[in-house]
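Remarks on the structure that follows.
The values are calculated or read from the model by the stated rules, or taken from the named source; none is laboratory data. Source: prediction; values computed, not measured. Heads up, the Cβs are rebuilt from the backbone with ideal geometry, glycines too, and the neighbour counts pull from every protein chain shown. Accessible surface areas use protein heavy atoms only, side chains included; no ligands, DNA or RNA. Shrake-Rupley method; radii C 1.70, N 1.55, O 1.52, S 1.80 Å.
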There are 2 protein chains.
Amino acid sequence: MTPDPIQRLVVELAKLPGIGEKTAQRLAFHILKAPREYARDLSRAIAEVVDKVKLCSVCCALTEHDPCPLCSDSRRDGKVLCVVEGVADQLAIERTREFKGRYHVLHGVLSPLEGVGPDQLRVKELLARLGSSLVEEVIVATNPDVEGEVTALYLTKLIKPLGVRVTRIAQGVPMGGDLEYADQVTLARALTGRREM
Amino acid sequence: MTPDPIQRLVVELAKLPGIGEKTAQRLAFHILKAPREYARDLSRAIAEVVDKVKLCSVCCALTEHDPCPLCSDSRRDGKVLCVVEGVADQLAIERTREFKGRYHVLHGVLSPLEGVGPDQLRVKELLARLGSSLVEEVIVATNPDVEGEVTALYLTKLIKPLGVRVTRIAQGVPMGGDLEYADQVTLARALTGRREM
């Protein structure tokens, strides 16, 4: 009974992560109700994003210009490389303003269950980069979960033989957290990872 | 630091109801990661929906062809008119297969706080329709909340003088509900609205 164009839009919207059919329908009606320019702008923004955004040929981050602004920034320290799972993680680290080195984006983690092996990740690009540049340390900043840990171990095995130092971001109790409510694994990691005051 | 096209897309997506900036970012990255055809299809579906979908000149529902399939369906009973707030409500009622009459979509409810008066709703169209057709009963199916009730009362005052019967959908305990957990107002309505067995 819904007009076909609405149905087609609902089908496409429902393919987005976390958006079910009910939500997709609500979004579709919102798009119809909003001023016409909104649909035009949104439609154009979606078309443009895949047209204009590509992977940086150096660090594999998403960028409009290749190499990306970060890779072209000569003030960044080329001796330290931070390896992240995705662009969102890179953004999170940049927001801390704590890291002045360069990045490498894997675009995923090893996950045999989901059929993701090293060939599906940007590992080859990472190794090529280490071979041809003066990187002295690789910080593995994959997520502190099973897949992230496995990926970190895998990368360590590959990179250490190249004579490059490999480090892992610290795991412990989060700031503002409460020891009483911290899970066992986190607390155990906090203890083994303790530092001199 | 994010490329401009991604930022523009995040801004547009974040204007959708229930989508904050974090979710918008996740959706944008998903669109980038998905096969290129997806972005093309989604972008086209959004552009088309506002291009092709208009209001039915009879019942004000959203439709691709005017009058809408429901208004052109001669098997529907033109003597009973069901007034709903929005197209989603119309869909919900159609799904029951209980109603064989025709619809009128208000596109909102009276809400002085949000600046919605009768002129912002399709009330004029409803009255014009009642004046020129053979409608014998108007079922007011606005939501059972404050705005919906106020709108129902307002419409009753306008329509009754035209000699048309005005009814309201029943309010009571929902099927599968539990009297113990029903709120007072609902239970009170269920009692006053009791029917002979």
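Computed values, structure above
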| quantity | calculated |
| --- | --- |
| 21 Å tail of the calculated P(r), segment A:99-197, as % of Cα pairs | 43 percent |
| Unit charges at the beta carbon, dipole of segment B:70-196: most positive-side option, B:L70, B:V87, B:Y181 | B:L70 |
| Where Rh is the Kirkwood radius over Cα pairs, Rg/Rh for chain A | 1.07 |
| Cβ nearest the rotation axis (A onto B), residue from chain A and distance to the nearest whole Å | A:S43, 2 |
| Antiparallel bridges, percent of DSSP beta bridges restricted to segment A:70-196 (to nearest 5) | 5 percent |
| Chain B: relative contact order as a whole-number percent, Cα under 8 Å and 6+ apart | 13 percent |
| Copies compared at B:G78 - label distances in nm, ascending, label defined 7 Å from Cα in the Cβ direction | 8.0 |
| Shape of segment A:5-52, Cα gyration tensor, a/c cut at 1.5 | oblate |
| Members of A:K15/B:K100; A:K15/B:K79; B:K15/B:K79; A:K100/B:K22; B:K15/B:K52 lying beyond 31 Å, as alpha-carbon distances in this model show | A:K15/B:K100; A:K15/B:K79; B:K15/B:K79 |
| Charge sum, other residues only, whose C-beta stays under 12 Å from A:K54's C-beta, Lys/Arg counted +1 and Asp/Glu -1 | -1 |
| Square roots of five times the Cα gyration tensor eigenvalues for the protein assembly as shown, Å | 57, 26, 17 |
| Ascending list, in nanometres, of distances separating the A:V146 label from those of the other copies (7 Å, Cα toward Cβ) | 5.0 |
| Gyration tensor (alpha-carbon) shape descriptor, segment A:85-137, a/c threshold 1.5 | oblate |
| Virtual spin-label span in nm between A:L162 and A:K33, 7 Å along Cα→Cβ | 5.3 nm |
| For the protein assembly as shown: accessible area per residue (Å², 1.4 Å) | 60 Å² |
| Loss of accessible area when B meets A, both sides summed, Å² nearest 100, probe 1.4 Å | 4600 Å² |
| Solvent-accessible area of A:K33 with every protein chain in place, 1.4 Å probe, in Å² to the nearest 10 | 150 Å² |
| Antiparallel content of DSSP bridges confined to the protein assembly as shown, in %, to 5 | 20 percent |
| Estimated distance in nm for a label pair at B:E21 and B:D119, the labels positioned 7 Å out from Cα along Cα-to-Cβ | 3.7 nm |
| Segment A:34-86, relative contact order in percent, only Cα pairs under 8 angstrom and at least six apart counted | 18 percent |
| Cβ charges +1 (Lys, Arg) and -1 (Asp, Glu), total dipole of the protein assembly as shown, debye | 540 debye |
| Teacher prompt: A:R36 distances to equivalent labels in other copies, 7 Å Cα→Cβ, nm | 3.1 |
| Calculated FRET value between A:A88 and B:A14, using beta carbons and R₀ = 22 Å, to 0.05 | 0.90 |
| Net +/- balance of residues flanking B:E37 in space, Cβ distance below 12 Å, scoring K and R +1, D and E -1 | +2 |
| Charge context of A:E147, other residues only, Cβ under 11 angstrom, K/R +1, D/E -1 | -4 |
| Positive-pole candidate from B:Q171, B:T156, B:V146, dipole of segment B:110-197, charges at beta carbon | B:T156 |
| Simple Cβ-charge dipole of chain A, Lys/Arg +1 and Asp/Glu -1, about Cα centre, in debye nearest 20 | 380 debye |
| Accessible carbon and sulfur surface of the protein assembly as shown relative to its total accessible area, %, 1.4 Å | 55 percent |
